[in-house]
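Enquirer: After the structure tokens below, expect a handful of questions from me.
Bear in mind that the values in this text are calculations on the coordinates, not laboratory data. Quantities reported herein were computed from a predicted structural model and do not represent experimental measurements. We place every Cβ from the backbone using ideal geometry, glycine too, and count neighbours over all the protein chains shown.
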């Protein structure tokens, strides 16, 4: 019996089931927070930027999104802290942070305040501490399975966004602030549940017992960061960082999709809400496919699949919105975009977990998030003048083709990690 199986058996079946339920709650909150900002940008523009032309609004909102993405740049320190002070305390902090940031967004009185509070939401929402938790508590042969169980359960958060949007955002109603109440009502009690009922992960406790944590206290921050590039898998990990940055650039599609479709005017607000509902099933499909196939055929084939399809999916809905068939082409194309985006993100996160040893894993996961955030910020900064002069649609198309770069990187550098034993990684 392997070390990971022994560690897994040290967790009672009842506690593991309870942990799954709590982490699903965290993922519901996380999923809601990840999609909510993209659910009503047209309404933010109406309230705060009504004096500007459409292209000026889009350029301002693109730049505002780039500023808000700075919050994602800082999440590296969240994940670095998980290696220093533990997974549990950082899970508590990030859950409470999402609730507090949502409350502050409700209190926004102008666009600058709104951007600052979205920055705070990004800082806590993108930390992925739950991802560390489930991967360090699951047996090696079921890591992708349990991870995707949480992701699928978390889709309840996306469903809640669609339900609340159908109530508070229509062609005649605009009350985006009410949509920010849900993460407050969920996040505050969840914070206390985690604080008083959840244990630190087994792998982290073993690391402390073996004295690795004490050794790390003697190291500096820069040495800790440098250490993740001194492993035997450094080339694969570096390639993952580049791919994560490329994926970050593509988030402009998710952030300003609603604004683009609203500007074109070929689909009503009710129709946009139905498209968001369809994307939930698309994300579910991505999780199911990753969960079923990643542990069978490996991680690399799925990277090829998602990176090949995604640019064509973006072309379908960007150009489709300008045609009489918009109600067919936009939902299908946007759904495929979500399948590919979340499929790519899931595999890249898993690879970063499976290439780095336990004492460096939180730092490595954080650095991957940092490169993803840098891609977001860089992409949005570059997109600001493009949007002003070329419009959102053309900007989307320009960035879509960057995803093809993932294919040669995957072929040349990525190491297959299917079935790898986490405790044996050096």
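Enquirer: Taking springs between alpha-carbon atoms closer than 10 angstrom, which of 135, 372, 175 fluctuates most in the Gaussian network model of the chain?
Expert: 175
Enquirer: Taking Cα centroids, how far is region 390-415 from region 123-196 in Å?
Expert: Here the two parts' Cα centres lie 28 Å apart.
Enquirer: Can you tell me the orientation of helix 13-36 relative to the chain, as the angle in degrees between its alpha-carbon axis and the longest Cα principal axis, to the nearest 10?
Expert: 30 degrees
Enquirer: Quote the relative contact order of the chain in percent (integer), defining contacts as alpha-carbon pairs under 8 Å separated by 6+ residues.
Expert: 28 percent
Enquirer: Per residue and in Å³, how big is the convex hull formed by the alpha-carbon atoms of the chain?
Expert: 126 Å³
Enquirer: Defining a contact as two alpha carbons under 8 Å apart and six or more residues distant in sequence, what relative contact order in percent does region 16-146 show?
Expert: It comes to 33 percent, rounded to a whole number.
Enquirer: Which of 147, 250, 202 moves the most in a Gaussian network model of the chain with Cα springs under 10 Å?
Expert: Between 147, 250, 202, it is 202 that shows the largest mean-square fluctuation.
Enquirer: Moving on. Hey, got the Cα dimensions of region 261-408 along the principal axes, in Å, largest first?
Expert: Its Cα atoms span 52, 35, 28 Å along the three principal axes.
Enquirer: Moving on to the next point. With a cut-off of 8 Å between alpha carbons and a minimum separation of six or more residues, what is the relative contact order of region 308-426 in percent?
Expert: With pairs under 8 Å counted, the relative contact order is 35 percent.
Enquirer: Now a separate question. Starting from one equal scatterer on each C-alpha and no solvent at all, send me the Debye-based log10 I(q)/I(0) for region 1-156 at q = 0.21 Å⁻¹, two decimals.
Expert: For the requested q values the scattering log ratios are -1.30.
Enquirer: Using alpha carbons only, how many degrees (0 to 90, rounded to 10) separate the axis of helix 251-264 from the longest principal axis of the chain?
Expert: 20 degrees
Enquirer: Here is a further query. Given labels modelled 7 Å from the Cα in the Cβ direction, how far is it in nm from residue 312 to residue 15?
Expert: 4.9 nm
Enquirer: Measure nothing but the geometry: give the 0 to 90° angle between the long axis through the Cα atoms of 181-197 and the longest principal axis through the Cα atoms of the chain, rounded to 10°.
Expert: It works out to around 10 degrees.
Enquirer: When the helices in the chain are scored as -39500 (n - 2.57) per DSSP H run of 4 or longer and the sum is shared across all residues, what 222 nm value do you end up with, to the nearest 500 deg cm²/dmol?
Expert: Taking each H run of at least 4 residues, the total per residue is -25500 deg cm²/dmol.
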